[in-house]
Structures are given as C-alpha cells and as structure tokens.
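Each reported figure results from applying straightforward, stated rules to the coordinates on display, with no laboratory input. Worth saying up front: this structure is predicted, and the values here are computed from it rather than measured. Heads up, the Cβs are rebuilt from the backbone with ideal geometry, glycines too, and the neighbour counts pull from every protein chain shown.
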Amino acid sequence: MTSGIHVAVVDRYLAFADTLATGLRSLDEVLDATASTSTESLWQLLGVNPKVDVVLLDHDLIDPRLQVLHRIEDEHPGTRVVVVSNEADPARVVGALTAGAAGWLPKTLPLDELLQCLRAVSNGETWVPMRLLTSVLRAMITAREAENTPVSRLRPLTAREQQILQCLVDGMTRPQIAAWLGMSPNTVRTHVHNVLHKLGAHSTLRAVAIAREAGLATTDRTSAPPDKGNHALERLKP
C-alpha cells in the first residue's frame, strides 16, 4: 500500500482548493497537501518541491492544447496528474488521458474514493470512475479508429518524449541519451517507459520499428542536442 503521498491541489476557487487540501491532510496516507489557484503557482511549487506525487488539477485551468499536461509530464515525469472536473464528457477524459493525465474524477467524489484514486495513480495506474469507464473506453476506440495512421501513433508523445524516441531510432543507449540531453538516467528511464506505454510497444526495438513506420529516420549526432521545443513530428509534416 502506498504511504506518504505528496499532493498538490490546484483549483481556480481557493475555497475549494483549501477545503480539499485540508480534508486530504486528515488522511493518514497523505503526507502533505498544498492548495493553489493557478498553474503559475503550481510551477513555483514544483520548483521548490519536485517530489509532489499527485497533482489534482482543475479542468478549467487546462489550456485548449493541453500544454500544461504535456509540460508536467516533460519536466516532472515522476508527478502524476489527476484532472478534477464538474463535467464528464468522455471525449475530454480521453483527451486528458492521451495528453498525459493519470486520471479523471468529479469534484463531488467522496474523500474515501479520492484516496483510492491517489493510491492507484501514485502506484502508476490510471484511474477513471467506474460509471464513466464504459463511455471512456468507447471514446478511446472511436479516437483510435479516427487516428489510425503511423504518424498519428506518435502524436500523443510530448516534445521531450519525441526527442527520446528519436535518440532510440539513432541507436543510442539510455546512458548516451542521458548525457546527450543533460538528464539523469532515472529521468530517461521514466521517459522511455512513457514512450513505450503510449506507443503500445513491449520493447524499445518495437518502439523504434513504429517510429520508422511513421517516417522517422536516423539523424546526424555530430551537431548540438535539439532544442526541447523542437518536435520530431515537424519533420514528418507534408
């Protein structure tokens, strides 16, 4: 059982964030819970306390392109995000999960069920309320049928994950990737795990094969490392 969970509650309404954080702090398994009302304050918190395990993020604070989810996954790969919302649109749930969220829950969820969610996502699982599960799975199937091309399989990857995949295509080992991109080996390991999961690949060899099917070719490693914001997919656009 997971213990000592660090939680950050980010909601546009301070009263809700404070109330939820206070309730969480009363639970034995929650080590601490902080409250904030903006993504800007979240970046400050993660800069001071990078060991936040789970962020409960108000859906209304997520930008249309879901960049906040991509950024958390890129810069803090060990932090899981659970989107909190009053809505239950299956397409939005799928969009959030595809962008890197580890779960979705309603704001009316009882505290004991919220604790179940925290346990699950902090252990690497994905959490969606049972009442939404069927509709979310259907929405996922529909989305996959609509996006069934080799290039589209790479689209859910963040900019950093695309860089990692390109390095794998270039035949680099994980230690070499860490040195090339200035990361710790553990961070590279986490990114590689996320790449394999998103591509549905059971190994790095399969991930490389998928990338080559999508058109990624070997690149020249004599130049400087690519900028973090330079998406490998940009080269695949017609």
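Once amide H atoms are built 1.01 Å from N in the peptide plane, which residues 5 or more positions from K107, or in another chain, come under 5 Å H to H?
Those lying under 5 Å, H to H, from K107 are S85, N86.
Would you list T218, T187 from fewest to most Cβ contacts within 10 Å?
Numbers: T218 10, T187 19.
In increasing order of surrounding Cβ atoms, one gets T218, T187.
Roughly how big is the chain's charge dipole about its Cα centre, with Cβ charges of +1 (Lys, Arg) and -1 (Asp, Glu), in debye to the nearest 20? Don't jump to the answer; show the numbers that get you there.
Working: 24 positive and 26 negative charges, 164 e Å.
Around 780 debye, computed over the chain.
Pairs of alpha-carbon atoms within less than 8 angstrom and 6+ residues apart define the contacts here; what relative contact order does the chain have, in percent?
15 percent
Along region 196-208, what does the Karplus equation 6.51 cos²θ - 1.76 cosθ + 1.60 (θ = phi - 60°) give for ³J(HN,Hα), rounded to whole Hz, x for Gly and Pro?
4, 5, 5, 7, x, 9, 8, 7, 5, 4, 5, 4, 5
Between E75 and A91, how many nm apart are label points set 7 Å from Cα along the C-beta direction?
Here the modelled spin labels are 3.0 nm apart.
Please list, ordered by chain and number, the residues whose modelled amide H lies under 5 Å from the amide H of V55; skip anything fewer than 5 residues away on the same chain.
A8, R80, V81, V82
As a test of the formula, what do you get for the chain when each DSSP H run with n ≥ 4 contributes -39,500 (n - 2.57) and the sum is divided by the residue count, at 222 nm and rounded to the nearest 500 deg cm²/dmol? Mind showing how you got there, number by number?
On the way: 11 runs with 118 residues, N = 238.
Taking each H run of at least 4 residues, the total per residue is -15000 deg cm²/dmol.
When the Debye formula is applied to the Cα atoms of region 86-203, each taken as the same point scatterer, what base-10 log of I(q)/I(0) results at q = 0.11, 0.14, 0.18, 0.22 Å⁻¹?
-0.46, -0.71, -1.00, -1.22
So in the chain, what percent of DSSP beta bridges are antiparallel if you round to the nearest 5? Please report the intermediate quantities before stating the final value.
On the way: 0 of 20 bridges.
Rounded to the nearest five, the antiparallel share is 0 percent.
Taking amide H positions as placed 1.01 Å from N in the peptide plane, with prolines and chain starts having none, which residues 5 or more places from W127, or on another chain, fall under 5 Å of its amide H?
G103, W104
I'd like the distance separating the alpha-carbon centroids of region 33-102 and region 155-171, in whole Å.
One Cα centre to the other: 22 Å.
About its Cα centre, how strong a charge dipole does region 1-124 have in debye, to the nearest 20, once Lys and Arg get +1 and Asp and Glu get -1 at the Cβ?
Charge dipole of region 1-124: 120 debye, to the nearest 20.
Give me log10 I(q)/I(0) at q = 0.11, 0.19, 0.20 Å⁻¹ for region 5-144, Debye formula, one equal scatterer per alpha-carbon, no solvent.
So the normalised log intensities are -0.35, -1.11, -1.24.
Would you be so kind as to identify which of A91, A207, L111 lies farthest towards the positive end of the dipole of the chain, taking Lys and Arg as +1 and Asp and Glu as -1 on Cβ and the Cα centre as origin?
Of A91, A207, L111, it is A207.
Give me the net charge for the shell around S36: Cβ to Cβ below 11 angstrom, other residues only, Lys and Arg +1, Asp and Glu -1.
On the way: positive: R12; negative: D11, D18, E40, D58.
Taking every Cβ under 11 Å from that of S36, the sum is -3.
By how many nm would the segment from L109 to F16 grow when fully extended, if each residue of separation counts as 0.36 nm and the alpha-carbon distance is taken off? Don't skip to the answer; put the middle values down first.
Working: separation 93, 0.36 × 93 = 33.48 nm, distance 1.29 nm.
Full extension of this stretch gives 32.2 nm more.
When the gyration tensor of the chain is built from Cα positions, what are the square roots of 5 times its three eigenvalues, in whole Å, from largest to smallest? Please list the in-between numbers first.
Working: eigenvalues 207, 85, 47 Å².
Semi-axes, largest first: 32, 21, 15 Å.
Against the globular-protein guess of 2.2 N^0.38 Å, express the Cα radius of gyration of region 1-81 as a ratio, rounded to two decimals. Please report the intermediate quantities before stating the final value.
Working: Rg = 12.1 Å, N = 81, 2.2 N^0.38 = 11.7 Å.
Dividing the Cα Rg of region 1-81 by 2.2 N^0.38 Å gives 1.04.
Give me R131, R12 ranked fewest to most by other Cβ atoms within 10 Å of their Cβ, as a rough exposure proxy. Intermediate results must be reported in sequence, preceding the final value.
Working: R131 9, R12 12.
Taking fewest neighbouring Cβ atoms as first place, the list is R131, R12.
May I ask you to evaluate 6.51 cos²θ - 1.76 cosθ + 1.60, the Karplus curve with θ = phi - 60°, for each residue of region 52-57 and list the ³J(HN,Hα) values in order in whole Hz, giving x for glycine and proline?
4, 7, 9, 10, 8, 10
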